[in-house]
2 protein chains.
Amino acid sequence: MYALYYWPTIQGRGEFIRLSLEEADAPYRDVARESGRGAGVPALLHFLQGRGIARPPFAPPFLMAGRLVIGQTANILQFLGTRHALAPRTESGRLWTHELQLTIADLVAEVHDTHHPIAVDLYYEDQMKEARRKAADFLKNRVPKYLGYFEKILAGTRGSKFLLGAKPSYVDLSLFQIVAGLSYAFPNAMARAAPKYRRLFALHARVQERPRIAAYLASPRRIAFNEDGIFRRYPELDAARKTRKT
Amino acid sequence: MYALYYWPTIQGRGEFIRLSLEEADAPYRDVARESGRGAGVPALLHFLQGRGIARPPFAPPFLMAGRLVIGQTANILQFLGTRHALAPRTESGRLWTHELQLTIADLVAEVHDTHHPIAVDLYYEDQMKEARRKAADFLKNRVPKYLGYFEKILAGTRGSKFLLGAKPSYVDLSLFQIVAGLSYAFPNAMARAAPKYRRLFALHARVQERPRIAAYLASPRRIAFNEDGIFRRYPELDAARKTRKT
């Protein structure tokens, strides 16, 4: 039984871990969402404060696996990938999978910064002006760079259903979350961009139809996107709606 | 013989790889700094463009090791750590080392954003106003959070010379670079902060005195810090100079 520690009211970076645990059908507690002794946000903060913890994580998410406490999203996924066949077994395959995940981590940080370009500790409202500039650049330059890259990689895997073969890896699950999240946050921009990223959107659909993922998404375990998470729908940061010529 | 691919005129993220290769005494070419056929920046761009490359990296640095092409700084370090005893052998030790490196990667991205808070493709001069706000928050809130974290971890390793024992790991080398870089970029702020991070500065000194690292730093292979890299000295982003009371 794993114990996942992450903020209880957002998908955030924790969601990448949840998706892998769900696809692997691995039993886990989502500790900060439980109540009672040793649970809830206090249990999470206990680890972060680090008193008596030999290897305290810097930030959530972190995962307890037996006596191991593992921090950093991509690090946790690499660990789960090996244990639950969500990554190839060869060294070259594992390195490549992790490399792609680290590029996704860079993208996730940039998504976060579209609404928090100045300071993570300030409210969005206190950096809205800068956020508009940042988000415009993100949609114009960064989304094409990242999504174009993954589209190119997918084009090179002709014949295989997922990025690394017939079965999904943790990177496929993470790309599902990227497409879902960007589509939530920037519905106009993404609707316009979708034709350029057919393979990526098709991958999103294939992951969504996996029986365990579909069951998870329909369950109360999946927290809805909201404006406290990484992917936030602020209409002023999205592209303008397409107007139909009459 | 390894082949490192990174921009030829800056330390940047490539420097974390160079430090590990140097400490390991591993032979390597620094391809984009060489001239001639198959070398220089064109050789680097060839991989990024990805034509005929099965697994093209998203960005430099990347490392060729035999037929492997490995991208993403932390991923390369993990690979080198295993091969050259720059990380523990146990699973728990390797996970912890990588976790710390990924936290360093997050910090490096935030350092970069102090001078490029809006867009990586715009000049610093075009986002100076935002950079001032970003850097002020970085020095006030983020430096204490990150350096305080590493100082706390170092405090927990009483008796050992380096983070993970008697020998330096790739994380020790990376923390050396963090202290060196922050001290270059923000001399006033770091001079003021130094007493709070005695262990971290002591670690920096110990790494600097390693014979191979000392030889490397004195060689032309070490590119000087400059205002094209990640750590840039822009006086307007640093704290004000301490004035002596007379």
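For region A:27-34, does any single residue satisfy the condition of being of a type outside the set (K, R) and within 30 Å of B:R158 (Cα to Cα)? No, the conditions are met nowhere in region A:27-34.
Yes or no, residue by residue, for (1) of a type outside the set (A, V, I, L, M); (2) at pLDDT 95 or above:
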residue: A:H115; (1), (2): yes, yes
residue: A:K129; (1), (2): yes, yes
residue: A:V143; (1), (2): no, yes
residue: A:G156; (1), (2): yes, no
residue: A:I213; (1), (2): no, yes
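Checked against the criterion of being without any contact (Cβ under 8 Å) to a residue 60 or more places away in the chain, out of contact with any Ser or Thr (no Cβ under 6 Å at 6 or more places or on another chain) and in a helix (DSSP H, G or I), the candidates A:A119, A:A109 yield just one match: A:A109. When B:E151 is tested against (1) without any contact (Cβ under 8 Å) to a residue 24 or more places away in the chain; (2) within 19 Å of the chain's Cα centre (by Cα), just one condition goes unmet, and that condition is (1). Here is the figure for region B:113-126: residues that are surrounded by fewer than 22 Cβ atoms within 10 Å (Cβ to Cβ) and at the interface with another protein chain (Cβ under 9 Å from one of its Cβ atoms) total 4. May I ask you to verify whether B:K129 is without any contact (Cβ under 8 Å) to a residue 12 or more places away in the chain, closer than 26 Å to A:F62 by Cβ and of a type in the set (K, R)? Judged against the criteria, B:K129 is not a match. Residue count for region B:93-112, restricted to those that are in contact with a helix residue (DSSP H, G or I) (Cβ under 9 Å, 6 or more places away or on another chain), more than 7 Å from chain A (Cβ to nearest Cβ) and open to solvent by less than 60 Å² (accessible area, probe 1.4 Å): 9.
Note on region A:39-53: residues that are more than 7 Å from chain B (Cβ to nearest Cβ), open to solvent by less than 40 Å² (accessible area, probe 1.4 Å) and more than 25 Å from A:S174 (Cβ to Cβ) total 4.
Being open to solvent by 10 Å² or more (accessible area, probe 1.4 Å), under 30 Å from B:R67 (Cα atoms) and touching a residue at least 12 places away in the same chain (Cβ under 8 Å) is a condition met by no residue of region A:54-67. Scanning region A:71-92 for residues that are more than 10 Å from chain B (Cβ to nearest Cβ) and among the small types (G, A, S), we see that the one that is most open to solvent (accessible area, probe 1.4 Å) is A:A85. Across region B:158-183, which residue is nearest to the chain's Cα centre (by Cα) among those that are farther than 21 Å from B:N75 by Cα and among the basic types (K, R)? Step by step, filter region B:158-183, then rank; the result is B:K161. Among the conditions (1) more than 30 Å from B:F162 (Cα to Cα); (2) open to solvent by 40 Å² or more (accessible area, probe 1.4 Å), the only one that B:D25 does not satisfy is (1).
The values are calculated or read from the model by the stated rules, or taken from the named source; none is laboratory data. Quick caveat: nothing in here was measured; it's all calculated off a predicted structure. Every residue, glycine as well, gets a Cβ built from its backbone with ideal geometry; the counts of neighbours run over all protein chains shown. Heads up: the accessible areas ignore ligands, DNA and RNA and are worked out on the full protein's heavy atoms, side chains in. Shrake-Rupley method; radii C 1.70, N 1.55, O 1.52, S 1.80 Å.
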